[in-house]
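Working notes, beginning with the structure itself.
The values are calculated or read from the model by the stated rules, or taken from the named source; none is laboratory data. Only a predicted model underlies this, so the values are computations on that prediction, with no experimental measurement involved. A quick note on method: Cβ atoms are made from the backbone with ideal geometry, for glycine too, and the neighbour counts reach across all protein chains shown. The accessibility values were calculated without ligands, DNA or RNA, using every heavy atom of the protein model including side chains. Shrake-Rupley method; radii C 1.70, N 1.55, O 1.52, S 1.80 Å.
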Amino acid sequence: MLKLIRFIGLVSQSIMIQFAHLFGLVAFVAGAALGYFRLPSWAVPILAVVCGVLSDKFLDEESVTGLLEKAHSANQRGGFLIVVYFVICALGYVVGAYGRHYQRKRVTAAATKE
């Protein structure tokens, strides 16, 4: 149980690092677009792998990782970044799907008032 709590803490710290680097925000918005436009949910792991590999190979995160050394050392492993980006993209997918649902509900409510 303690290992699970530590893992969740490490993933949350790594998500904060990715959002501070702004590439996490790009992945979140891409996941939200997948959910909003009702693309299949199996596209989320594909997006997560692509974002994780791009982040691992091409982004230099030295400028934002000085505060969280443990999360930085975990981010240097490519497999861990794929897990982190899976969480980011899955949350974005859910937010996009709920956003579409809320917008449709609001539009139908406005149409019934008229």
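I need the phi-derived Karplus couplings for the range 74-91: 6.51 cos²θ - 1.76 cosθ + 1.60, θ = phi - 60°, integer Hz, Gly and Pro marked x.
6, 5, 6, 9, x, x, 5, 5, 5, 4, 4, 6, 5, 5, 4, 5, 5, 5
Over the residues of the range 1-43, compute the C-alpha Rg and express it relative to 2.2 N^0.38 Å.
Rounded to two decimals, the normalised Rg is 1.48.
Per residue, how much accessible area does the chain have with a 1.4 Å probe, in Å²?
Accessible area per residue: 66 Å².
Where does the chain land on Rg/Rh, using Cα atoms and the Kirkwood Rh?
Ratio value, two decimals: 1.11.
Given the protein chains as shown and a 1.4 Å probe, how many square angstrom of L22 are accessible, to the nearest 10?
About 110 Å², ignoring ligands and nucleic acids.
Once every DSSP H run of n ≥ 4 in the chain is given -39500 (n - 2.57) and the sum is divided by its residues, what mean residue ellipticity at 222 nm do you get, rounded to the nearest 500 deg cm²/dmol?
-27500 deg cm²/dmol
With every protein chain left in place and a probe of 1.4 Å, what is the accessible surface of Y102, to the nearest 10 Å²?
Estimated to the nearest 10 Å², Y102 gives 140 Å².
At what distance in nm do the modelled label points of I8 and R106 sit from each other, each positioned 7 Å from its Cα along Cα→Cβ?
3.1 nm
I need the GluC sites (Glu not before Pro) found in the range 1-108, filtered to DSSP loop residues with at most 14 other beta carbons within 10 Å of theirs.
E62
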